[in-house]
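Comments concern the structure below.
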Amino acid sequence: MAIKRFDHTGIVVEDLPAAIAFFVELGMEFEGQATVEGGWADKLIGLEGVRSDIAMLKTPDGHGRVEVSRIHTPAATGSAPWEPVNTPGIPRLTFVVDDVDDSFARLRPHGAVLVGEVARYEDIYKYAYVRGPAGVIVGLVEELS
């Protein structure tokens, strides 16, 4: 048995329209939105009475997708982790962008906050981590050569 392909990454958020706007500003394409509920959803995520709104976004090359979801019921029992980057299990999404500084400037009004500083790795990459929707860490990589 082998993996056929990577399909998508999912992120649960509190504000679905804001998360959609964040990823669209980053350059992802909005694919669509739907409400998910019923017995199959309950079985899938191991909770009862699930009702969730989900949105799918894809990268311009069509190979990467992000699902953002707002789960209305049942109510969450905790909040998103805002742990440092070195904490095991903390999700991190990384995107290659045309310009790190411009991308961060466009994402800042959508709540993006730098985790550290914008850094250069030799003459190869310019790289930054920002906090995005629900505190997820989003890497922005600019290829310099």
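The values are calculated or read from the model by the stated rules, or taken from the named source; none is laboratory data. Just so it is clear, the structure is predicted and the values come from calculations on it, not from any experiment. Here Cβ is always computed from backbone atoms with ideal geometry, including for glycine, and neighbour counts include all displayed protein chains.
Return only the number of the condition from (1) loosely packed, with under 11 Cβ neighbours inside 10 Å; (2) outside the structural domain of residue 17 (by TED's automatic domain parsing) that residue 39 does not satisfy.
(2)
Would you confirm whether any residue within region 95-118 is of a type in the set (Val, Ile, Thr) and part of a helix (DSSP H, G or I)?
Yes: region 95-118 contains one or more residues that are of a type in the set (Val, Ile, Thr) and part of a helix (DSSP H, G or I).
Give region 93-130 a look and list any residue that's touching a strand residue (DSSP E or B) at 6+ places or on another chain (Cβ under 8 Å), under 20 Å from residue 20 (Cβ atoms) and not aromatic (Phe, Trp, Tyr), or say none.
93, 94, 97, 103, 107, 111, 112, 113, 130
Please go through region 95-111 and pick out each residue that is surrounded by fewer than 12 Cβ atoms within 10 Å (Cβ to Cβ) and under 19 Å from residue 63 (Cβ atoms).
98
Can you name the residue in region 17-32 that is aliphatic (A, V, I, L, M) and surrounded by fewer than 19 Cβ atoms within 10 Å (Cβ to Cβ) and, of all such residues, is farthest from residue 142 (Cα to Cα)?
18
So residue 42 clears everything in (1) part of a strand (DSSP E or B); (2) more than 22 Å from residue 132 (Cα to Cα); (3) among the acidic types (Asp, Glu) except one condition, right? Which one?
Going through the list (1) part of a strand (DSSP E or B); (2) more than 22 Å from residue 132 (Cα to Cα); (3) among the acidic types (Asp, Glu), residue 42 breaks only (1).
Return only the number of the condition from (1) surrounded by fewer than 15 Cβ atoms within 10 Å (Cβ to Cβ); (2) over 15 Å from the mean Cα position of the chain (by Cα); (3) touching a residue at least 12 places away in the same chain (Cβ under 8 Å) that residue 82 does not satisfy.
All conditions are met except number (2).
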